[in-house]
Structures are given as C-alpha cells and as structure tokens.
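All remarks here apply to the structure that follows.
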Amino acid sequence: MLILGIDPGTQILGYSILDTDGSNLKIEAMDVLYLEKIPEFNLRIRQIFLSTTRLIDAFHPDHLAIEAPFFGKNVQSMLKLGRAQGVAIAAAISRDLSVTEYEPSVIKQHITGNGNATKQQVAAILQSILHFDQTPRYLDATDALAVAYTCHLHLTNPIADIQQQLAPAKKKSRKSAKQQWADFVAQNPDRTGF
C-alpha cells in the first residue's frame with residue numbers, strides 16, 4: 001500500500017509517499033511545497049489542490065493521511081490552515097482516495113512515545129526507523145512522513161488502536177519533557193539509534 005502523508009500549511013506544505021509492503025517500508029518521496037512566494041491566499045490554495053492531484057496522479061497512492069489542524073490562539077491562522085487541509089482532502093477525494101486525519105499529539109505519541117515531542121525528536125526517530133540519510137531542511141517534510149507512518153501503524157494494527165482508545169486515561173506525569181524523552185530513549189534504544 002502507498003500512503004500519501006501531508007502536513008498542511010499555507011506557507012510550507014510537507015508531503016511524503018510511504019510504500020508499505022508488510023514490514024518493508026520505503027520512502028518514495030519526501031519534500032515540501034513552497035507557497036510563501038505566492039502573494040494571494042486563494043492562489044496558494046489552488047496550488048495546494050493542483051500539487052496534491054499531481055502527486056496522486058504521479059504515485060497512485062491508496063490512501064491519504066493528513067495532520068489535523070491544531071487549535072491555537074490565532075483564529076485567522078487556524079482558519080487558513082483548515083482551508084489548506086480541506087483543499088488537500090478534496091484533491092484526494094476527487095481521485096477516490098480514502099482519507100484519515102490524525103491529531104498532532106497522536107502522531108507524536110505513536111512515533112516517539114511522547115505526545116508533546118518536538119519536530120526534531122520526531123524527525124530523529126523516523127530517521128532511525130526508516131533509515132533515510134539526512135534530515136530535510138524543512139521539518140514539514142518529516143512531519144508529513146510521520147503522518148504516513150502513523151497511518152501505516154493504524155492500518156497494520158487496528159486492535160491496538162481500539163485498545164488505546166478504550167484504555168482509561170492515565171494521570172498526567174509530573175516528569176519534565178526532558179525526563180520523559182530520556183525515559184523513552186532508555187526504553188526504546190532500537191527506535192532511537194542512540
């Protein structure tokens with residue numbers, strides 16, 4: 001199965017194509033779409049739609065995995081991000097792709113074991129798991145790969161997802177983010193490469 005992962009954005013949009021053949025995973029593409037130089041917002045949205053359909057037509061993925069917009073303080077930014085996401089989803093639907101949306105904290109939790117991990121931590125874990133040579137200049141590309149990889153995990157192990165959703169909420173840890181990261185690295189040396 002080929003999964004198109006998208007980290008939506010109106011200035012920089014990350015994308016990846018992850019080929020999942022059982023436990024064999026291969027990155028077919030991983031890059032960003034630069035939109036910053038397009039002055040008009042509607043033209044940026046149009047470019048997202050056109051670029052997403054071109055990616056779909058070039059690689060013929062089976063599924064779109066996309067990061068859900070996060071809720072921030074700037075309402076205008078959230079609305080713009082939601083439009084970018086909606087246009088990418090519309091492009092996928094126009095090509096009959098199934099679509100799954102993932103919250104940023106869910107993606108980070110699946111990749112690093114910490115729902116508050118940084119982009120750099122997510123990129124480092126993915127680099128260790130998927131063995132790509134260097135971290136891209138813009139981490140939006142690895143964020144898109146993280147969405148695709150999370151989708152792969154969900155599609156290959158749906159029972160674990162259901163168990164995770166049904167599990168009672170754990171009490172918040174009083175450990176710092178630095179200590180949580182150190183604990184994760186110690187418990188998962190095979191996933192971190194450290």
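The values are calculated or read from the model by the stated rules, or taken from the named source; none is laboratory data. As the structure is a computational prediction, the values presented were derived from the model and not from experiment. Here Cβ is always computed from backbone atoms with ideal geometry, including for glycine, and neighbour counts include all displayed protein chains.
At-a-glance table
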{"quantity": "Residue that is surrounded by the most Cβ atoms within 10 Å (Cβ to Cβ) [pool: residues in the range 84-94 that are in contact with a helix residue (DSSP H, G or I) (Cβ under 6 Å, 6 or more places away or on another chain) and either of a type in the set (D, E, K, R) or at pLDDT 95 or above (or both)]", "calculated": "A88"}
{"quantity": "Qualifying positions in the range 46-78 - of a type in the set (G, A, S), within 16 Å of the chain's Cα centre (by Cα) and surrounded by fewer than 19 Cβ atoms within 10 Å (Cβ to Cβ)", "calculated": "A68"}
{"quantity": "Set L33, L97, L81, L43: member being in contact (Cβ under 8 Å) with a residue 24 or more places away in the chain and either surrounded by fewer than 19 Cβ atoms within 10 Å (Cβ to Cβ) or in contact with a strand residue (DSSP E or B) (Cβ under 8 Å, 6 or more places away or on another chain) (or both)", "calculated": "L97"}
{"quantity": "Residue match in the range 133-149 (condition: modelled with pLDDT of 65 or more, over 15 Å from the mean Cα position of the chain (by Cα) and not polar (S, T, N, Q))", "calculated": "yes"}
{"quantity": "In the range 121-139, the residues that are closer than 30 Å to R46 by Cα and out of contact with any strand residue (DSSP E or B) (no Cβ under 7 Å at 6 or more places or on another chain)", "calculated": "V122, A123, T135, R137, L139"}
{"quantity": "Considering residues of the range 111-122 that are crowded, with 21+ Cβ neighbours inside 10 Å and touching a Ser or Thr at 6+ places or on another chain (Cβ under 8 Å) only, the residue farthest from L139 (Cα to Cα)", "calculated": "I111"}
{"quantity": "Any chance S105 is touching a residue at least 24 places away in the same chain (Cβ under 8 Å) and assigned to a helix (DSSP H, G or I)", "calculated": "no"}
